[in-house]
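Asks: Below: one structure in structure tokens.
Every number here is computed from the coordinates shown, using simple stated rules; none is lab data. Since the model is a prediction, treat every value here as computed from it, not as a measurement. Neighbour counts are summed over all protein chains in view; Cβ atoms, including those assigned to glycine, are modelled from backbone coordinates with ideal geometry.
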Amino acid sequence: THPIRIAPSILAANFSKLGQEVRDVVDAGADWIHLDVMDGHFVPNITFGPDVIKSLRSYTDATFDCHLMIAPADSFLEAFAKAGCDILTVHAEAGPHLHRSLQTVKALGKKAGVSLNPATPESALEYVLDSLDLILVMTVNPGFGGQKFISVMEEKIRRIKAMVGDRPIEIEVDGGIAPETAGVVTGAGANVLVAGSAIFKGGSVEAYRAAIEAIRTP
Ligand code: DX5
Ligand code: ZN
């Protein structure tokens, strides 16, 4: 099974100094950098696109874990791959051709993830399991940081863990993750924990380190 990884979401970082924030959070022990891309259409908020990600790429060698909350996604996959993303995660709800989206990601030489909104059942994954490197279980409705963890998602994580079986698929959770909820999600089978506000609210490398450690070992 995979090690526990902490993936800070820069959605909660100071956008006026994103490069430094990425460097600081990696220095503080982050394993991956989680990049929340929003289009104001699939989700009711707008963030950043491939050019911002490209400009961050030189600040760290850490894995860029790109969460695409955009619809359609397919026409933008190449741009995000070229920007330096290592993992491209699309939403199962973002279009009618999830299998094709995953094939496109693979053809670009990147790791492929699928994300499920809270209301989407895990059965959406059934016929794409063998094309997946990562499953992202949303534990809030996507669009904003700082929301409350939806506790019934614990059951979904358990079911996905059972469904995945021996496959080398990372199970990631996103939304409302803090030391108080980290134990629940890792206990259910998640191994990659995204956290935005719980990490960046501290505002210093020391605070980021303490928050990352508290989430890693709740
Ligand atoms: C929500 C994003 C999350 C968000 C998490 O749409 O996908 O990554 O930044 O923020 P917190 O950890 O504050 O819930
Ligand atoms: Zn996210």
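Asks: In this structure, does residue 212 turn out to be farther than 18 Å from residue 124 by Cα, surrounded by 20 or more Cβ atoms within 10 Å (Cβ to Cβ) and not charged (D, E, K, R)?
Replies: Yes, satisfied.
Asks: While we're looking at this one, here's another question. Looking only at residues in region 175-204 that are under 13 Å from residue 14 (Cα atoms) and of a type outside the set (Phe, Trp, Tyr), which one is farthest from ligand 2 (Cβ to nearest atom)?
Replies: Selected residue: 204.
Asks: Here is a follow-up. Could you look through region 150-176, keep only residues that are within 8 Å of ligand 1 (Cβ to nearest atom) and over 14 Å from residue 65 (Cβ atoms), and pick out the one that is farthest from the chain's Cα centre (by Cα)?
Replies: Top of the filtered list is 176.
Asks: Further question on the same structure: Free of Cβ contacts under 8 Å to residues at least 12 places away in the same chain and small (Gly, Ala, Ser): which single residue out of 176, 165, 146 fits that description?
Replies: The unique qualifying residue is 165.
Asks: Taking region 94-110 only, how many residues are out of contact with any Pro (no Cβ under 8 Å at 6 or more places or on another chain) and surrounded by fewer than 19 Cβ atoms within 10 Å (Cβ to Cβ)?
Replies: 9
Asks: Now for a separate question. In the set 25, 37, which member is aliphatic (A, V, I, L, M), surrounded by 19 or more Cβ atoms within 10 Å (Cβ to Cβ) and farther than 23 Å from residue 90 by Cα?
Replies: Of the residues listed, the single one that is aliphatic (A, V, I, L, M), surrounded by 19 or more Cβ atoms within 10 Å (Cβ to Cβ) and farther than 23 Å from residue 90 by Cα is 25.
Asks: Could you please give the count of residues in region 63-120 that are in a helix (DSSP H, G or I), more than 14 Å from ligand 2 (Cβ to nearest atom), within 13 Å of residue 136 (Cβ to Cβ) and among the small types (Gly, Ala, Ser)?
Replies: 1
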